Structures are given as C-alpha cells and as structure tokens.
Amino acid sequence: VSGGRIWLRVNADIRPGSGRQAKFSYSTDGVNFTSFGPAFTMGNAWQFFMGYRFGIFNYATQSLGGSVTVNRFDLTTP
C-alpha cells in the first residue's frame, strides 16, 4: 500500500458461541475499504479470550527499524 496514511478495519462477531468470524479490510482514503486475507474463525474454548484486545504492530521486512503511529482508535457496535 502506497501513501502515508492507512485505515485498518476489523469486523468481528464477538458474541458467545462457536464459529464466529472476523474479517479484515484496509483503506487509503478512509472511505473505500478493500478486504484482505481470509476470514478468521475465532475459538470460544476457555483458552481463548474473545473480548476487546487489539494490537497494531510494525513488521519490518527489509531491515530493522520503522514505526507505527496510531492517531485514533474507534470501537463501534451495531
């Protein structure tokens, strides 16, 4: 993705029960989102916590270093 700004979105069904999915998308303008990667099926056994735990990581693939600045984080419910 080129440019200096990117929006990330996760739509996840975190209600209790098995087979709940999370779907990932990104945008370069904050309006039009493009899906990426397959849907992720979340586990509901006691070993897994399906609540609000989010993380954003910088993963350097060419050399050490880099950074991620998160200016805003929104959590909305339908």
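The values are calculated or read from the model by the stated rules, or taken from the named source; none is laboratory data. In this text, all values refer to a predicted model and were calculated from it rather than measured experimentally. Virtual Cβ from ideal backbone geometry, glycine too; neighbours counted across all protein chains shown.
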Listed by first then second residue, the pairs whose first member lies in the range 63-78 and is within 14 Å of residue 9 (Cα to Cα), whose partner is not aromatic (Phe, Trp, Tyr), with beta carbons under 9 Å and at least 6 positions apart or on separate chains, are 70/56; 73/56
Only one of (1) surrounded by 10 or more Cβ atoms within 10 Å (Cβ to Cβ); (2) at pLDDT 85 or above does not apply to residue 62, and that is (1)
Check whether at least one residue in the range 33-56 is touching a Phe, Trp or Tyr at 6+ places or on another chain (Cβ under 9 Å), among the small types (Gly, Ala, Ser), at pLDDT 85 or above and not in a loop (DSSP other than H, G, I, E, B), and report yes or no. yes
Are any of the residues in the range 14-23 in a loop (DSSP other than H, G, I, E, B) and modelled with pLDDT of 90 or more?
no
Filter the range 7-34 for residues that are closer than 21 Å to residue 68 by Cβ and among the charged types (D, E, K, R); the one that is surrounded by the fewest Cβ atoms within 10 Å (Cβ to Cβ) is 29
